[in-house]
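This report concerns only the one structure given below.
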Amino acid sequence: MRRWMCLILICLLLAGCTGQKSVRKELFLMDTVMDLQIWGKDAQTAVNRIDALLRQLDSRWSATNPDSALSKANAGAPAWTAEEQALLKRLEELSQRTDGAFNPCLYALIDAWGFYEDAQHVPTQQEIDAALSDGRMDLGGAIKGYAGQQAVELLEELNVDRAILNLGGNIQTYGSKPDGSAWQIGIQNPDGGGNIGVVSVEGTMSVVTSGDYQRYFEQDGKRYHHIFDPETGWPAASGLRSVTVLCRDGLTADVLSTALFVMGLEEGTALWRQSHDFEAVFLLESGEIWATDGVVLSGCDYEVIEREE
Ligand code: AMP
Ligand code: MG
């Protein structure tokens, strides 16, 4: 091979090693499709380790796998590790912060509505009332965000330039894009077909959407979705189609997206005004979009929610 051809080949190989190429993997875990894309020298190692992390979290926190730590605790035989206890403590604090709108103890209610067995139906009021006084846990509203946060800790340990992880609609970004521009994350149109708008985020961020279109069933011509108001035991009816939360902390983002969906625009805005760690985009049933003033949103008309009333 001529020398100049050798040089070009070496340059091409080096370009491939400088982190411009990514490693990508799709998985089906936690009852949802996940997509990992990671750039950098250790990208393959990072993908493998995050894959293992997600499988481990799924096997620990699944509400339907009888061998999970969560199921054992729900069956009355808890054997938590220190790390698991720390997560439960954080969830309790976050639940209090949302005034109980996020409630990690809705296992019996979700079961009564048939969501675990894919046998969804409207339960009787008596069944709902009984389920509300049952303390068994379900962390479906928080565990993907926790997974994103744990994945970020792994990425920080490794030689990784940047990553974007789609954990079943929970988007976790890490680092900045090769050209230094912001990550662009679409907010899904609940009626299908594309986005209602696009949020721009810089660096490491968790962007989590809770919506009435993600899991639902129809009975007698009425739609019932999977996010419950813990006060009534019925699907939350707060006038929203979806809420997207942007927060550096994945667990907080996931808890708040579920809680704000239950709380609605007014109460959600009040919580945001008391807080300084998240931003939110509310999509109303009317089609209106409201976004807190720290959100960079494009591709739609929207009202800005200011800090001061
Ligand atoms: P998300 O998509 O993060 O809003 O989570 C929805 C999931 O969280 C549901 O499928 C249930 O497993 C669980 N869930 C439903 N309602 C609540 C609630 N009010 N608080 C906590 N978890 C909930
Ligand atoms: Mg959530």
| Around THR209: net Lys/Arg minus Asp/Glu count, Cβ-Cβ under 15 Å | -1
| note | ALA101 neighbourhood, Cβ < 13 Å, K/R = +1, D/E = -1, net charge -4
| query | Using θ = phi - 60° and the Karplus curve 6.51 cos²θ - 1.76 cosθ + 1.60, what whole-Hz ³J(HN,Hα) does each residue of the stretch 157-172 get, with Gly and Pro shown as x? | reply | 6, 9, 8, 10, 7, 6, 7, 9, 10, 9, 9, x, x, 7, 9, 10
| message | As a test question: what accessible area, to the nearest 10 Å², does ASP118 have when a 1.4 Å probe is rolled over all protein chains in place? | response | 120
| message | Below 8 Å between Cα atoms, with a sequence gap of 6+, how large is the relative contact order for the chain in percent? | response | 15
| request: With a 1.4 Å probe and all protein chains in place, put VAL23, VAL255 in order of accessible area, largest first. | output: VAL23, VAL255
| remark: Taking THR244, THR232, THR258 and ranking on accessible area (1.4 Å, protein atoms only), highest first, one gets THR232, THR258, THR244
| note | Residues whose modelled amide H sits under 5 Å from the amide H of CYS105, counting only those 5 or more places away in sequence or on another chain, are ASP138
| To the nearest 10 degrees, how steeply does helix 43-61 sit against the main Cα axis of the chain, on a 0 to 90 scale? | 10
| remark: Rounded to the nearest 500, the 222 nm mean residue ellipticity computed for the chain from DSSP H runs (n ≥ 4, each -39500 (n - 2.57)) alone is -11500 deg cm²/dmol
| field | Environment charge of LEU158, counting only residues whose C-beta is closer than 11 Å and scoring Lys/Arg +1, Asp/Glu -1 | value | -3
| query | Using a 1.4 angstrom probe and counting only protein chains, how large is the accessible area of SER176 in Å², to 10? | reply | 60
| remark: Bridge orientation stat for the chain from DSSP, antiparallel percent rounded to 5, came to 95
| field | Point-to-point label distance, GLU83-GLU309, nm (Cα→Cβ direction, 7 Å offset) | value | 4.4
| remark: For the chain, the longest principal axis of the Cα atoms and the Cα long axis of helix 82-97 enclose an angle in degrees, to the nearest 10, of 60
| query | What figure in square angstrom, to the nearest 10, would you give for the accessible area of LEU132 with a 1.4 Å probe? | reply | 60
| request: Could you work out how far helix 3-17 tilts from the main Cα principal axis of the chain, as a 0 to 90 degree angle to the nearest 10? | output: 20
| Near the amide H of ILE305, under 5 Å away, which other amide H atoms are found, from residues 5 or more places off or on another chain, if H is placed in the peptide plane? | ALA291, THR292, ASP293
| remark: Here D for the chain, in µm²/s, from Stokes-Einstein with a Kirkwood Rh over Cα pairs at 10 °C and 1.306 mPa s, works out to 77
| field | Gyration tensor (alpha-carbon) shape descriptor, the stretch 235-309, a/c threshold 1.5 | value | rounded
| task | Pop a pseudo-label 7 angstrom from the Cα along the beta-carbon direction at both GLN96 and SER176 and give the gap in nm to one decimal. | result | 3.9
| Euclidean distance between Cα centres, the stretch 188-210 to the stretch 113-163, Å | 20
| message | Let me confirm the definition first: pairs of Lys residues in the chain, 8 or more apart or on different chains, C-alpha distance under 20 Å. How many are there? | response | 8
| message | If N is the number of residues in the stretch 144-237, what value comes out of its Cα radius of gyration divided by 2.2 N^0.38 Å? | response | 1.35
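The values are calculated or read from the model by the stated rules, or taken from the named source; none is laboratory data. Note that this is a predicted model, so its numbers are computed, not measured. Virtual Cβ from ideal backbone geometry, glycine too; neighbours counted across all protein chains shown. Heavy atoms of the whole protein, side chains included, go into the accessibility calculation; ligands, DNA and RNA do not. Shrake-Rupley method; radii C 1.70, N 1.55, O 1.52, S 1.80 Å.
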